[in-house]
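Engineer: Below are the structure tokens for one structure; questions will follow.
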Amino acid sequence: MISGGSTDGDSNRARKSKSRRECLEVERDGRSEAVISFGPEDLRGVNLPHNDALVIQARVANYDILRIFVDSGSSINVIFKDAFMQMDLQGYHLETVETALFGFAGHVVYSEGEIILPLTLGSHDLKKTVMTSFTVVDSPSSYNIILGRPAMNELRAVTSTYHQKIKFPVGPRVGEVRGDQPSSRKCYVEAVRADQGRYKREGKRAKVDEAGGRIVEEGEIHFVAEEEQEAVEIGPGQQIRELTGISPFISEHHLNIFPRSHPVKQKKRHFGPEKDKVISEQVKELLKAGHIREIQFPTWLSNVVLVPKSTGKWRMCVDFRDLNKACPKDHYPLPRIDQLVDSTSGYELLSFMDAYQGYHKIPLAKNDQDKVSFVTSGGIFCYIVMPFGLKNAGATYQRLMDKVCRY
């Protein structure tokens with residue numbers, strides 16, 4: 001949240017005067033405007049599930065600006081100095097602002113000044129332009145501009161981060177701007193890396209809260225350093241370092257269950273003593289690895305299934321069929337094996353990565369863990385990492401791999 005600046009006046013007297021005026025003012029604009037709503041059709045083209053910030057492109061002072069973060073928690077509109085210096089804004093006057101800004105990564109920031117610029121959202125006949133004030137801030141950021149409440153209120157805009165859209169009235173019709181999810185994710189990764197580097201320089205360790213990116217206290221860093229990887233002995237004098245897990249702020253699996261789905265608790269299946277012993281041993285291994293935990297009140301409950309391996313041993317699986325039916329399909333594109341093989345032709349050297357039990361490196365969202373529960377003769381357990389056999393697990397894993405290779 002960003003507060004301060006000259007939004008409510010640049011002095012105590014100005015702020016008190018504005019507050020008195022607002023108490024007496026009555027909205028006199030009787031124009032009828034279109035009703036703004038969001039529905040399933042607005043989700044077309046949106047990659048679900050997601051926790052992405054709303055990052056858009058808009059026209060500011062005759063410049064098409066990318067990486068504009070829409071932040072309803074900001075009391076001002078911000079244009080960062082790097083972007084401001086690249087815009088030729090002759091004819092626009094920069095006013096001095098005395099009031100400091102609060103909320104920039106926990107520090108007080110003084111602005112370079114304030115400037116009023118035209119802001120245009122939409123395209124063709126469904127676009128809207130307003131004159132709004134921007135506070136110029138000399139602070140590092142992965143964004144070019146932050147649109148706060150002043151711009152949103154002047155546009156009479158309604159935002160939905162879930163639908164990745166801004167909608168605003170254009171007379172009796174409704175204009176809209178769609179968010180840029182790839183740009184949003186790239187900005188987030190850049191911001192995390194910058195905060196991580198800053199905290200390392202200060203001798204601290206960064207932790208990001210679940211609300212999306214704010215550093216709150218010392219704790220777990222997002223990118224696992226070499227000393228936090230587990231050393232594994234593979235032979236006399238030979239060691240490899242194994243990545244113990246992925247930060248939930250890099251990748252996390254969500255079930256996204258249909259709201260009208262009713263939880264299903266499967267009746268426990270009974271196995272013989274031999275199979276019960278196999279199940280008990282594999283459950284102990286999962287507990288030791290930290291992949292599951294005991295649970296008392298599961299919302300969904302599934303049975304385990306033993307599948308024979310080619311080696312003659314048993315593999316314990318979980319019957320997630322009821323749960324999978326209640327989850328929407330993640331249509332993230334998966335690679336074609338034949339194309340991957342063909343792409344390796346012509347190279348002298350190839351590098352391989354052993355992603356043994358790679359699914360278990362991806363954490364499962366905390367509010368979904370009680371749904372991924374299974375029952376055995378030894379008790380009831382739930383996964384805290386992404387298990388095999390779960391719908392959309394392949395899409396989540398591929399999304400992580402694409403992110404790793406991209407960045």
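Engineer: How many residues does the range 123-160 hold that are out of contact with any Ser or Thr (no Cβ under 9 Å at 6 or more places or on another chain) and not aromatic (Phe, Trp, Tyr)?
Structural biologist: Looking only at the range 123-160, we keep the residues that are out of contact with any Ser or Thr (no Cβ under 9 Å at 6 or more places or on another chain), and these are 123-126, 131-132, 134, 139-145, 153, 156-157, 160.
Still in the running and not aromatic (Phe, Trp, Tyr): 123-126, 131-132, 139-142, 144-145, 153, 156-157, 160.
Selection size over the range 123-160: 16.
Engineer: Please specify each residue of the range 171-197 satisfying the condition of being crowded, with 17+ Cβ neighbours inside 10 Å, of a type outside the set (S, T, N, Q) and not in a loop (DSSP other than H, G, I, E, B).
Structural biologist: The answer is VAL174, GLY175, GLU176, VAL177, ARG185, LYS186, CYS187, TYR188, VAL189, ALA191, VAL192, ASP195.
Engineer: Let me ask another. Could you list, in sequence order, all residues of the range 130-140 that are open to solvent by 30 Å² or more (accessible area, probe 1.4 Å) and either hydrophobic (A, V, I, L, M, F, W, C) or assigned to a strand (DSSP E or B) (or both)?
Structural biologist: Passing the criteria: MET131, SER133.
Engineer: Taking the conditions exactly as written (touching a residue at least 24 places away in the same chain (Cβ under 8 Å), in contact with a Ser or Thr (Cβ under 6 Å, 6 or more places away or on another chain) and under 17 Å from LEU390 (Cα atoms)), does LYS371 satisfy them or not?
Structural biologist: Numbers: touching a residue at least 24 places away in the same chain (Cβ under 8 Å): yes; in contact with a Ser or Thr (Cβ under 6 Å, 6 or more places away or on another chain): yes; under 17 Å from LEU390 (Cα atoms): yes.
Against the criterion (touching a residue at least 24 places away in the same chain (Cβ under 8 Å), in contact with a Ser or Thr (Cβ under 6 Å, 6 or more places away or on another chain) and under 17 Å from LEU390 (Cα atoms)), LYS371 qualifies.
Engineer: Just one of the numbered conditions (1) open to solvent by 10 Å² or more (accessible area, probe 1.4 Å); (2) in a strand (DSSP E or B) is not true of ILE166; which one?
Structural biologist: Of everything listed in (1) open to solvent by 10 Å² or more (accessible area, probe 1.4 Å); (2) in a strand (DSSP E or B), ILE166 misses just condition (1).
Engineer: Hey, another quick one. Does the range 302-318 contain any residue that is within 31 Å of the chain's Cα centre (by Cα), closer than 21 Å to GLN282 by Cβ, surrounded by fewer than 19 Cβ atoms within 10 Å (Cβ to Cβ) and touching a residue at least 60 places away in the same chain (Cβ under 8 Å)? Don't jump to the end; show me each part of the working.
Structural biologist: In the first step, residues of the range 302-318 are kept if they are within 31 Å of the chain's Cα centre (by Cα); the result is 302, 317-318.
Then keep just the ones that are closer than 21 Å to GLN282 by Cβ; that gives 302, 317-318.
Now drop any that are not surrounded by fewer than 19 Cβ atoms within 10 Å (Cβ to Cβ), which leaves 317.
Narrowing the set further to residues that are touching a residue at least 60 places away in the same chain (Cβ under 8 Å) leaves 317.
Yes; the residues of the range 302-318 include at least one that is within 31 Å of the chain's Cα centre (by Cα), closer than 21 Å to GLN282 by Cβ, surrounded by fewer than 19 Cβ atoms within 10 Å (Cβ to Cβ) and touching a residue at least 60 places away in the same chain (Cβ under 8 Å).
Engineer: Name the pairs whose Cβ atoms lie under 7 Å apart, with the first residue in the range 113-138 and touching a residue at least 60 places away in the same chain (Cβ under 8 Å) and at positive phi, the second of a type in the set (Phe, Trp, Tyr) and not in a strand (DSSP E or B), and 6 or more positions between them or separate chains?
Structural biologist: That search, which allows pairs on different chains as well, returns nothing.
Engineer: Go through (1) under 20 Å from ASN153 (Cβ atoms); (2) in a strand (DSSP E or B) for PHE102 and report which single condition fails.
Structural biologist: It is condition (1) that PHE102 fails.
Engineer: Checking ASN303 against (1) among the polar types (S, T, N, Q); (2) in a strand (DSSP E or B); (3) touching a helix residue (DSSP H, G or I) at 6+ places or on another chain (Cβ under 8 Å), only one condition comes out false. Which one?
Structural biologist: (3)
Engineer: Across the range 321-361, which residue is surrounded by the most Cβ atoms within 10 Å (Cβ to Cβ) among those that are assigned to a helix (DSSP H, G or I) and hydroxyl-bearing (Ser, Thr, Tyr)? Even if it seems obvious, please write down each step before you answer.
Structural biologist: Kept after step one, since they are assigned to a helix (DSSP H, G or I), are these residues of the range 321-361: 321-325, 337-343, 358-361.
Checking the rest, the ones that are also hydroxyl-bearing (Ser, Thr, Tyr) come to 343, 359.
Details: SER343: 10, TYR359: 19.
My answer is TYR359.
Engineer: Right, another one. Quickly run through the range 114-129 and pick out the residues that are part of a strand (DSSP E or B), of a type outside the set (S, T, N, Q) and closer than 20 Å to ILE36 by Cα.
Structural biologist: Taking the range 114-129 as the starting set, the residues that turn out to be part of a strand (DSSP E or B) are 114-123, 126-129.
Applying the additional criterion that residues be of a type outside the set (S, T, N, Q) yields 114-119, 121-122, 126-128.
Those that are part of a strand (DSSP E or B), of a type outside the set (S, T, N, Q) and closer than 20 Å to ILE36 by Cα: LEU121, GLY122, LEU126, LYS127, LYS128.
Engineer: Shifting gears a bit: With the requirement that a residue be open to solvent by 20 Å² or more (accessible area, probe 1.4 Å), at negative phi and in a loop (DSSP other than H, G, I, E, B), what does the range 362-407 give you?
Structural biologist: SER377, GLY378, ILE384, PHE388, LYS391, TYR407
Engineer: Is it the case that GLU226 is open to solvent by 60 Å² or more (accessible area, probe 1.4 Å), in contact with a Lys or Arg (Cβ under 9 Å, 6 or more places away or on another chain) and either of a type in the set (S, T, N, Q) or modelled with pLDDT under 75 (or both)?
Structural biologist: Numbers: open to solvent by 60 Å² or more (accessible area, probe 1.4 Å): yes; in contact with a Lys or Arg (Cβ under 9 Å, 6 or more places away or on another chain): yes; either of a type in the set (S, T, N, Q) or modelled with pLDDT under 75 (or both): yes.
So GLU226 fits the description; yes.
Engineer: How many residues does the range 85-104 contain that are within 32 Å of the chain's Cα centre (by Cα) and surrounded by fewer than 20 Cβ atoms within 10 Å (Cβ to Cβ)?
Structural biologist: Final tally of qualifying residues: 7.
Engineer: Still on this model: From the list VAL109, VAL137, which residue is over 29 Å from ARG178 (Cβ atoms) and touching a strand residue (DSSP E or B) at 6+ places or on another chain (Cβ under 8 Å)? Step through it out loud before you land on a result.
Structural biologist: On the way: VAL137 fails: over 29 Å from ARG178 (Cβ atoms).
Only one candidate qualifies: VAL109.
Engineer: A follow-up question, please. Given the structure, is ASP125 acidic (Asp, Glu), open to solvent by 10 Å² or more (accessible area, probe 1.4 Å) and at pLDDT below 90?
Structural biologist: Values: acidic (Asp, Glu): yes; open to solvent by 10 Å² or more (accessible area, probe 1.4 Å): yes; at pLDDT below 90: yes.
So ASP125 fits the description; yes.
The values are calculated or read from the model by the stated rules, or taken from the named source; none is laboratory data. Not measured: the values here are computed from a predicted model. Cβ: placed from backbone, ideal geometry, glycine included. Neighbour counts: every protein chain shown. Just the protein is used for accessible areas: all its heavy atoms, side chains included, with ligands, DNA and RNA removed. Shrake-Rupley method; radii C 1.70, N 1.55, O 1.52, S 1.80 Å.
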